[in-house]
Amino acid sequence: MEMTARLAHLDTKVDGRNCDGLVNHNGETTEIRVPLSHTGKRLGPIEGGNLYRLRDRKFLLEDKKRLCAWALGAALLGILLMVLHAELCPVVYQPESIYALSINGLISFSTGCLLILIIAFHYKDIRLFIIDHNQVDWRIAMTSNRVLGISLELIVCAIHPVAIYLRPDMGDRLGAKPGQNSSTPLCLSSSHKEVMLDVELLLSALMFLRLYLVHRAVLLHSKVLLSASYRSIGSLNNINFSFRFVLKVLMNKYPARTLLVFIMFFWLSAAWMLRLCERQQQVETGGMDKALWLIAITFLTVGYGDVAPHTSCGKLVCLFTGVMGVACTAMLVAVMTKKLALNKGEKHVHFFMMDIQISKRIRHAAANVLRECWLLHRTTHTKDNSGEHRHHQRCLLEAIRVFRHLRLKQRKLRDYASEMVDLSKMQMIMCDLSANWNSSYHELEQRIISMEQKLDELGRSFQNTSELLTQALHHRRLDHRSFPVGGLLLPSLFLSVTAVGAAS
């Protein structure tokens, strides 16, 4: 990238680097171009020119999406191998067998591939940052937050259960038969230290932290990020296309499907982690069926009490399951409330029909009040009929109470309906009013213009009349000089002068 600027002197430098400029030597102008990058560094198409920026940005986004998919596949492969190794060893094969060594080697190999893919992904991300901000030096993108995030990702992805039974000081302790201690996780016999058991168990459970890559894959493969219309409208409205926005879109479009997938995956994962934690103590929750039942009743916050965790790790898993169950229940209630709620059109129809029904009932109640008044009035004139009189009094009071209750119900319904402000309808009304005002204004303007034209025509007609009168007076004067003034000439002349004065 080159930059042209006017400098006052030839040897002017900014931050120790020469800049481009125009220098005058005895009236002659010399243009000097000096690249801002390091000496001897060749500029690629990403750094030079704006013609390649959009193309390179598109390629980098596709590379990021591909690398994220591969990284998620490597993470899932490592988790599946870890689960397979924990379930088969030492039930199916011996800890010192070639199968255990092969599976542990595959776990470590998938972990190494995952780390390489994470580094490649962030490399593409830094290049994309350079293109978006039109920078040259990649070190500008390496902020403290970015470095901390990359380091934390590498640490999380590097966690996997280490084959500690291959250590030299533990080789004599791994000669257990296939039937012995089948409930001990990850090829560890009961004679090992409890610290090693806890470390191996913790590393196995922490491998599930690799699933943070799911949200990145969902973001990069979503139609929200890939659609140009979404990005254009979002940039105009200052919308940040993050995983939170994509999750909101998914919850609005596919709420039941999204919650079902999340709940099922969390249920199976938490049940297996609970089984991994509990089978070390040889308790009933070490089985998969009991673990599934305990996770289900904990997730639903029921807690029958027939099954309970015994280890600290199991209690921690159940505690986290309860918290996630409360959160998922709240989301489920929100989704069901939104699905069962009426939209604007349905609310308008419902309230309109309710208003009609209440109006009919009010008319019937008013008619009942009038009828009871008439019956009460008729019984007051009869003698020896006090029981019927009291009966009609009670009926009249009941009819008045029903009438007042219906009037109050109608008032509440109309108040609630008036709170539903239909913005689109109000906008249409305002647009109609504005159109009417504009048409009235244009009509008034046309009338004013027509009045101005008529006034101009009247002015021109008055001017023509004055000219005609002037000519007539001129001819009269000539006639007066030619002939003596008679008795009839003076009155006519007086009348002409009077007319000219009135016209002027």
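The values are calculated or read from the model by the stated rules, or taken from the named source; none is laboratory data. In this text the structure is predicted, and so the values were computed from the model without any measurement. Backbone-built Cβ (ideal geometry, glycine too); neighbour counts: all protein chains shown. Just the protein is used for accessible areas: all its heavy atoms, side chains included, with ligands, DNA and RNA removed. Shrake-Rupley method; radii C 1.70, N 1.55, O 1.52, S 1.80 Å.
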Quiz item: Any residue at all in the stretch 258-279 that is open to solvent by 100 Å² or more (accessible area, probe 1.4 Å) and not hydrophobic (A, V, I, L, M, F, W, C)?
Solution: no
Quiz prompt | Residue tally, condition open to solvent by less than 60 Å² (accessible area, probe 1.4 Å) and in a loop (DSSP other than H, G, I, E, B), over the stretch 125-141 | solution = 3
Quiz item: Is there any pair with a first residue in the stretch 292-313 that is over 17 Å from residue 205 (Cβ atoms) and part of a helix (DSSP H, G or I) and a second that is at pLDDT below 85 and not aliphatic (A, V, I, L, M) whose Cβ atoms are under 7 Å apart and which are 6 or more apart or on different chains, and what are they?
Solution: 297/303; 297/304
Exercise. Just one of (1) more than 17 Å from residue 67 (Cβ to Cβ); (2) in contact (Cβ under 8 Å) with a residue 12 or more places away in the chain; (3) in contact with a His (Cβ under 9 Å, 6 or more places away or on another chain) trips up residue 111, so point out which.
Key: (1)
Quiz item: Looking at the stretch 373-416, which of its residues are of a type in the set (Phe, Trp, Tyr) and closer than 29 Å to residue 352 by Cβ?
Solution: 403, 416
Practice problem: Out of the residues in the stretch 214-251 that are within 14 Å of the chain's Cα centre (by Cα) and of a type in the set (Gly, Ala, Ser), state the one that is surrounded by the most Cβ atoms within 10 Å (Cβ to Cβ). | Solution: 222
Quiz prompt | Top-ranked residue of the stretch 290-313 - restricted to ones that are of a type in the set (Ser, Thr, Tyr) and closer than 26 Å to residue 331 by Cβ, ranked as surrounded by the most Cβ atoms within 10 Å (Cβ to Cβ) | solution = 298
Quiz prompt | Lone qualifier among 401, 371 - being touching a helix residue (DSSP H, G or I) at 6+ places or on another chain (Cβ under 9 Å), over 30 Å from residue 262 (Cα atoms), open to solvent by 60 Å² or more (accessible area, probe 1.4 Å) and in a helix (DSSP H, G or I) | solution = 371
